[in-house]
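To keep things clear, I will list the structure first and then write my remarks on it.
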Amino acid sequence: MTRATAHAMMHVACHGRTHASGGQRPLLRVSNQATGKERNLCTWNFSVLRNYHSQNFLEPRNKELTSNSQFCSHSSRKVPVCFDHSPNLLSGETYSVLQSSGFQHWFKNWQEQRKHKLTASTFGGAVGFWPRRRVQLWLEKLGATKPFSGNLATCWSNIKEEEALERYKLITGNTVLFPEFQVYGKKDPEDNWLAASPDGIVDSLVYGLHSRGVLEIKCPFFNGDKSIASPWSRVPLYYIPQAQGLMEIMDRDWMDFYVWTLNGSSLFRLYRDAEYWDVLKIALSDFWFKHVLPARELCSKHAINNPLTELRSLKPEPRHELCRYIVYESKRIVDDSKLLMREIHGKLQN
C-alpha cells in the first residue's frame, strides 16, 4: 500500500480535508533564551497567517543529521495518580492492514533497536501511569508478548506527521534536523539501556548564543471525529516523562511540543528539569534492573511458558512507589509550560 493510498483511507475514515496555502515567512518569532520569566517572549507576524496546507517537501537524508526546510489537568482539579488508558491504546484492537508500509512512520524504522531498550515513549508506562501497562511492558521486554505495533490512532499520527512538520516550520521558521535512533550513555555508558527516537531537533542562534531544542509532534486522532478535533490548550501530563526523557537523552535544553489536528494546531514550550529526571530515572532503573533484566536471565536459562506465574516474584507492581510523586511533578511542569500559539482554522486564539 502506498502512502498516498494510506492518506486517502484515513481521510475517508475521518471525513476531513486539508487546505493548501503558500507563505514562506514564519508566523511566530520565538525567543529560545531560558532567562527567567522572559524566556518565552514571542512576536506575532499576523500578515502572513495562513490556512492549513498539505505540501510536503522531502529531502534526501544521510545516516547522521539532515536538514529539512486527553487529559488536560488544571491547577484547581485533583490530579489522578494513574490514567485509564495509554494514549497509544485508546483506539482498541490492531488490524493487520495497518502494518502495511503506507501506514508506517515516514523515517522512524527502528523497531528492532527499540526491542532491547527502554525508550522515552514508554517511560510513563514503565513508571505506572496506566493500569496494567507496566506489566504489559515488562512482558514485551521479555519477548513474552509482541510489542504494541499500531492502531488507527498511531497510523493516523504516522501519516499526518509530515504535514504537521511543514505546518510547524511555516509557523516558527525553524529548520528541523532528523537524528538517528539515540542511545543514552554519553555521561555513563552503563545508561545505554535508555534510548529515544525524537521527531526532530532544532538548533538556532539567539543573540549569538546557541539554543538547543527538540521537537515532539502529536497528531491526536479523536476517534476519527473531525467535529471534536481541536488542538489541546494544555499539554497532557502523561506526556511529561517522555518529554523530559527526550530532552535528557538528546541533551537538549527545551522542547517544542506541537499538536496538529485537522481543525487547528497549538505549540507549547517545555524546559528540561534535571531534578525531575533524577527521580524519574530511579523509577525507570528499578523497572529495568529489578524486573526486566533478572527475568530475561531466567528466560535465557529455562523454558518459561507462563511468565506471569513462573516469574511472579519478578513481575512489577502496577505502579512504582514514586509514581504518585512523578505524576504531581508532571503536573507542575505542565503548569510551568508556555502556550506559544493556538490556532483554529488559521485564526489565532486568545
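The values are calculated or read from the model by the stated rules, or taken from the named source; none is laboratory data. All of these numbers come straight from a predicted model, not from anything done at the bench. Every residue, glycine among them, receives a Cβ derived from its backbone with ideal geometry; neighbour counts consider all protein chains shown.
Quick look at the numbers
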{"item": "Of all residues making up the stretch 273-283, the number that are crowded, with 17+ Cβ neighbours inside 10 Å and over 15 Å from W193 (Cα atoms)", "result": "3"}
{"item": "Any pair with Cβ under 7 angstrom, 6 or more apart, that starts in the stretch 217-228 at a residue that is among the β-branched types (V, I, T) and ends at one that is assigned to a loop (DSSP other than H, G, I, E, B)", "result": "I217/D199"}
{"item": "Matching option when the condition is assigned to a strand (DSSP E or B), at negative phi, out of contact with any helix residue (DSSP H, G or I) (no Cβ under 8 Å at 6 or more places or on another chain) and at pLDDT 95 or above, among R332, R342, R324", "result": "R342"}
{"item": "Condition check for D286: surrounded by fewer than 20 Cβ atoms within 10 Å (Cβ to Cβ) and more than 21 Å from the chain's Cα centre (by Cα)", "result": "yes"}
{"item": "Residue list for the stretch 295-321, filter: assigned to a helix (DSSP H, G or I), within 16 Å of V135 (Cβ to Cβ) and more than 29 Å from the chain's Cα centre (by Cα)", "result": "C299, P307, L308, T309, E310"}
{"item": "Residues being under 23 Å from T122 (Cα atoms) and either in contact with a helix residue (DSSP H, G or I) (Cβ under 7 Å, 6 or more places away or on another chain) or modelled with pLDDT under 95 (or both) - total across the stretch 257-312", "result": "21"}
{"item": "Within the stretch 237-274, considering residues that are among the aliphatic types (A, V, I, L, M) and over 14 Å from the mean Cα position of the chain (by Cα), the one farthest from D335 (Cα to Cα)", "result": "L262"}
{"item": "W277 part of a helix (DSSP H, G or I), more than 18 Å from the chain's Cα centre (by Cα) and not aliphatic (A, V, I, L, M)", "result": "no"}
{"item": "Scope the stretch 206-248; condition buried (at least 19 other Cβ atoms within 10 Å of the Cβ) and within 18 Å of V176 (Cα to Cα); matching residues", "result": "G213, V214, L215, E216, I217, K218, C219, A243, L246, M247"}
{"item": "Single unsatisfied condition, S227 versus (1) in a helix (DSSP H, G or I); (2) of a type in the set (S, T, N, Q); (3) at pLDDT 95 or above", "result": "(3)"}
{"item": "Any hit, the stretch 237-255, residues being touching a strand residue (DSSP E or B) at 6+ places or on another chain (Cβ under 8 Å), in a loop (DSSP other than H, G, I, E, B) and within 18 Å of A164 (Cα to Cα)", "result": "no"}
{"item": "Within the stretch 95-154, helices (runs of 4 or more DSSP H) holding 1 or more residues that are among the β-branched types (V, I, T), under 17 Å from E317 (Cβ atoms) and modelled with pLDDT of 95 or more", "result": "123-127, 133-142"}
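Let's see how each residue does on (1) under 18 Å from L339 (Cβ atoms); (2) of a type outside the set (S, T, N, Q); (3) at pLDDT below 90:
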site	(1), (2), (3)
N158	no, no, yes
K169	no, yes, no
V176	no, yes, no
I217	yes, yes, no
P220	yes, yes, no
W232	yes, yes, no
